[in-house]
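Visitor: The structure follows.
Read-outs: derived from the displayed coordinates by stated rules, not from any lab. All figures in this text were calculated on a predicted structure; none of them were measured in a lab. Please note: Cβ atoms are built from the backbone with ideal geometry, for glycine as well, and neighbour counts cover all protein chains shown.
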Amino acid sequence: KRHQNQLRPYYSSA
Amino acid sequence: ARLLHGSIFAKVIEGLRELVNEATWECSGNGITLQAMDSSHVALVSLVMRSEGFESYRCDRNMSLGISLVSMSKVLKTMGKDDSLTIRVNDDSDSIIIAMESQNQDKFADYELRLMDLDSEHLGIPDTDYSCAIKMPSSEFSRICRDMSIMGDSVLICTTKEGVKFSAKGDLGQGSIRLVQTTNIEKEEEAVIIEMKEAVALTFAVRYLSMFCKAAPLSPQVGLSLSEDTPLMCEFKIAEMGHVRFYLAPKIED
């Protein structure tokens, strides 16, 4: 099974 | 901000409004930018419309305009296909004015949309040197997303130096579409061009890819940029003025 990541681990809040 | 072809703006709104219902439009002397994430924070859209791409553009002070894209879409549906479009905001106003002019200047429509107060979170997206950059016809990509969605809710995108392969599997079976890199490029717009530093294999939710394809009318080509364990970047250029860029986090093996 694959789970959907969010963007936050990749891009930080500016 | 005035566009001779208001349809460009309508295409931008139609490209955004499924992914995000409302967004903050940042207006400055350089033009208009927007960044917004979908409600699940899995995908993000970044819009750039540079001032020099407008027929005329003036912005005396920076403004952040909270706009409902759903409402804007409804208003723009009333626009004639050859109408010009002018969008203006008066300094202390709490609404945005959308003016449409018919080509032969015999019909003038004016709408006023109330502005919204949105607290928009901004993500920093670093310039990335992607392992793989694909350029292909946007209609082709839309078609592949539609076809793969028949077979499953995720699409595996694999690149090799020969080409790119999209595959999906689900209850009823599996399917794949392989595109070979175009060799004899007659028409740039119909070519499949792959710049690959190293092969990648990434899985994405097809419903987001299909939502991104709502922006396909903006450009005959789409750019897909991929790196392992990095969000996909899907770009539609807006001729002479900027781009719509979508970012989508990959699906990870548990």
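Visitor: Against the conditions (1) surrounded by fewer than 17 Cβ atoms within 10 Å (Cβ to Cβ); (2) in contact (Cβ under 8 Å) with a residue 40 or more places away in the chain; (3) not in a loop (DSSP other than H, G, I, E, B), where does residue B:110 fall short? Just the number, please.
Guide: Result: residue B:110 passes all but (2).
Visitor: I would also like to ask the following. Might you check whether a residue that is more than 23 Å from the chain's Cα centre (by Cα) and surrounded by fewer than 16 Cβ atoms within 10 Å (Cβ to Cβ) occurs anywhere in region B:122-133? Write out each step before concluding.
Guide: Quick first cut of region B:122-133, residues more than 23 Å from the chain's Cα centre (by Cα) only: none.
So far as region B:122-133 goes, no, none of its residues is more than 23 Å from the chain's Cα centre (by Cα) and surrounded by fewer than 16 Cβ atoms within 10 Å (Cβ to Cβ).
Visitor: While we're here: Looking only at strands (runs of 3 or more DSSP E) that lie completely in region B:17-74, which have at least 3 residues being within 14 Å of chain A (Cβ to nearest Cβ) and either more than 17 Å from the chain's Cα centre (by Cα) or crowded, with 16+ Cβ neighbours inside 10 Å (or both)?
Guide: Working: elements: B:22-28, B:31-37, B:43-50, B:63-68.
Output list reads B:31-37, B:43-50.
Visitor: What's the total number of residues in region B:177-190 that are surrounded by 15 or more Cβ atoms within 10 Å (Cβ to Cβ) and touching a helix residue (DSSP H, G or I) at 6+ places or on another chain (Cβ under 9 Å)? Show your work before the answer.
Guide: Kept after step one, since they are surrounded by 15 or more Cβ atoms within 10 Å (Cβ to Cβ), are these residues of region B:177-190: B:177, B:179, B:181-182.
The next check asks that each one be touching a helix residue (DSSP H, G or I) at 6+ places or on another chain (Cβ under 9 Å); those that pass are B:177, B:179, B:182.
Matching residues across region B:177-190 total 3.
Visitor: Cβ-Cβ below 7 Å, separation at least six or inter-chain, first residue in chain A and facing chain B (nearest Cβ under 7 Å), second among the hydroxyl-bearing types (Ser, Thr, Tyr): which pairs?
Guide: A:2/B:154; A:2/B:203; A:7/B:247; A:10/B:230
Visitor: Here are B:39, B:71, B:84: which of them is under 25 Å from residue B:234 (Cα atoms) and not β-branched (Val, Ile, Thr)?
Guide: Working: B:71 fails: under 25 Å from residue B:234 (Cα atoms); B:84 fails: under 25 Å from residue B:234 (Cα atoms).
Answer to the selection: B:39.
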